[in-house]
Amino acid sequence: LIRLRARLSKSANPLGKALFTILSKNHLTNSDWEDVEDTLLLADVGADASSRLVDQLKSDVRIQGETEPNTVREMLKTRLLAIVDAGMDRRLCAELSETQVPNDQKPSVIIMVGVNGTGKTTTAGKLARFFVAEGRTVMMAAADTFRAAAADQLETWGNRVGVRVVRSDKDGADPASVAFEAAHTAKEQGSDVLIVDTAGRLQNKANLMQELGKIRRVIEKTAKVDEVLLVLDATTGQNGMAQAKVFADAIGITGIVLTKLDGSARGGIVISVQQELGVPVKLVGLGEGPDDLTVFDPATFVDGILA
Ligand code: GDP
């Protein structure tokens, strides 16, 4: 978490800087408030949330009769934190994080979904590493059978973090059959966690929905799907919202992983996604390496974007 703050602040944060400048004035005019709203929009906070935030802040300032810059910034921080936090449960595989799951309820299954290039496979690898570090036994499944390179990439991650990868030998195999076999093998071997990497070809939405739905159904013959994590690239901004809706419709999602937040101050998408889909951001990707994944903490995040 300290790392998250350090990385977010290091990237000469334009949002923090711009807000700092505007809110440093002793008297805030309507045009200043518009600038605050524009700045929030530029950081992908989303139209509704930005305008609500500015309304709340204006009323805070009016009620407290306070325009001292530091106080106003604190008010903004409090309001922003309330929106980002939204009282959401961010635990990953809730049961797994609290207790030793009984053998007959293993494995906890995590399905990774998202558009190609967002960082799905990389995040699957990092997540495997995360659970291994916690002393869990992990297996991964390459259910993107469309591109052989995708399975190879997941296998490379498997070797890197010491986790077995179930894959098909032939191109174009049925992704659901790979998922089914993986769930079966993971159960047989008593693995704690099974992470399933899927394809993300949005060009053919109907097929993709069918495929994801089928993957989920076949896994549920053997095991419980604990999480469906949608991987979103923070640098794609509001485009990510449209993607999120497609996946939410196709398979239902339980959490978001926001990748590539290193070097981007556009993490405001966190707010739009949570508000519009009612799904919490659970993890954040901060680089390409195996340890560049961290749990999402609202307070650290808000400190980071206002730094
Ligand atoms: P997929 O097609 O969704 O499986 O995406 P990949 O896992 O292949 O990732 C696409 C590219 O994004 C790769 O070059 C990754 O190394 C890179 N990547 C993934 N996550 C992050 C991240 O958090 N930060 C940065 N800077 N790059 C990332």
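The values are calculated or read from the model by the stated rules, or taken from the named source; none is laboratory data. A quick note: this is a predicted structure, and the numbers were derived from the prediction, not measured. As a convention, Cβ positions derive from the backbone with ideal geometry for all residues, glycine included, and neighbour counts pool all protein chains shown. With ligands, DNA and RNA removed, areas are computed over all heavy atoms of the protein, side chains included. Shrake-Rupley method; radii C 1.70, N 1.55, O 1.52, S 1.80 Å.
Whole number in Å², please: accessible area per residue of segment 201-279, 1.4 Å probe, ligands, DNA and RNA not counted. Show your work: numbers first, answer last.
Numbers: 3100 Å² over 79 residues.
Per residue, segment 201-279 has an accessible area of 39 Å².
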Longest principal axis of the chain (C-alpha) makes with the long axis of helix 239-251 (C-alpha) an angle, in degrees to the nearest 10, of 40 degrees
antiparallel share of DSSP beta bridges within segment 153-307, to nearest 5, in %, is 25 percent
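Mind putting a number on the dipole of segment 153-290 about its Cα centre? Charges go on the C-beta only, +1 for Lys and Arg and -1 for Asp and Glu, and I need it in Debye to the nearest 20.
Details: 16 positive and 17 negative charges, 40 e Å.
For segment 153-290, the charge dipole is close to 200 debye.
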Counting only DSSP beta bridges fully inside the chain, the antiparallel percentage to nearest 5 is 10 percent
Taking placed amide H atoms and a strict 5 Å upper bound, the residues 5 or more places from A141 or on another chain that come that close are V166, I195, V196, D197
Ranked output for segments 248-258, 177-187, 105-115 by mean other Cβ atoms within 10 Å, highest leading, reads 105-115, 177-187, 248-258
Residue-normalised 222 nm signal for the chain, counting each DSSP H run of n ≥ 4 as -39,500 (n - 2.57), nearest 500 deg cm²/dmol, is -16500 deg cm²/dmol
Once the dipole of the chain is set up from charges on Cβ (+1 Lys and Arg, -1 Asp and Glu), the residue from the list V273, L40, T254 lying farthest towards its positive end is T254
Reduced to Cα centres, the span from segment 272-307 to segment 155-169 in Å works out to 26 Å
Taking Cα atoms only, helix 14-23 is inclined relative to the longest principal axis of the chain by an angle, in degrees rounded to 10, of 20 degrees
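Restrict the search to segment 219-307; then list the trypsin sites (Lys or Arg not before Pro) that DSSP places in a loop and that have at most 12 other Cβ atoms within 10 Å of their Cβ.
Values: sites: K221, K224, K245, K260, R266, K282; in loops: K221, K260, R266.
Listed in order of number, the matching sites are K221.
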For segment 121-229, the accessible surface attributable to carbon and sulfur atoms (probe 1.4 angstrom, ligands and nucleic acids excluded) amounts in percent to 47 percent
